[in-house]
1. What does the convex hull of the alpha-carbon atoms of region 1-81 project to on average, in nm²?
2. Label-point separation (nm) for SER121 and TRP95, each offset 7 Å from Cα along Cα-to-Cβ?
3. If you wrap the chain's Cα atoms in a convex hull and average its projection over all directions, what's the area in nm²?
4. From the P(r) of region 95-142, can you give the percent of Cα pairs sitting at distances over 11 Å?
5. Give me the one-decimal nm value for the distance between modelled label points at HIS33 and LEU139, 7 Å along each residue's Cα-to-Cβ direction.
6. At a 10 angstrom cut-off on C-beta neighbours, averaged per residue, how do the peptides 60-70, 28-38 rank from highest to lowest?
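Where a number appears in this text, it was derived from the coordinates with a stated rule and is not lab data. Note that the coordinates shown come from a computational prediction; the quantities given were computed from them, not determined experimentally. Positions of Cβ are backbone-derived with ideal geometry, glycine not excepted, and every protein chain shown enters the neighbour counts.
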Amino acid sequence: MLAQTAPHTLLALLIYGSWTLLLVASIAALRWHAIRYKGFRVNQFKVTGEDVSAFSARLCRAHANCYENLGVFTAIAGVALLSGQAAVTEPLALWAVAARLAQSGVHLCSTRSRWVLVRFSFLAAQIIILGSWAVQIALQLL
């Protein structure tokens, strides 16, 4: 049973997907507010979110960053789970998701240069973790 052999990897997948869902729900809430109270039309919104507010633009970008990487995370973790190699992902699965949440949080708070560098460090951590997983899993599959 996967839940017993890979609880961290499964929880990481659930958290990542839920976080992405929360971000898109927040975008929807901001847009509903703009329609209801600011006179926006339903078909008026820019995909970038900048037409609603600066925060909305950061929120849209944070959401896009999540879904851009969600497929990669899911593919690598999924292959690990399906091939019986969850031992590769288990130790760092929650750390990888923590880095994603931190990256999103920093993105929502600021776009100043210093904070962009902090945000990049969280992205770099994810790239290193996912890259190491991919290599380890591939070597075991060969």
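1. 6.2
2. About 1.5 nm, to one decimal.
3. 9.6
4. 65
5. That separation, rounded to one decimal, is 4.9 nm.
6. Going by the mean number of other Cβ atoms within 10 Å, highest first, we get 60-70, 28-38.
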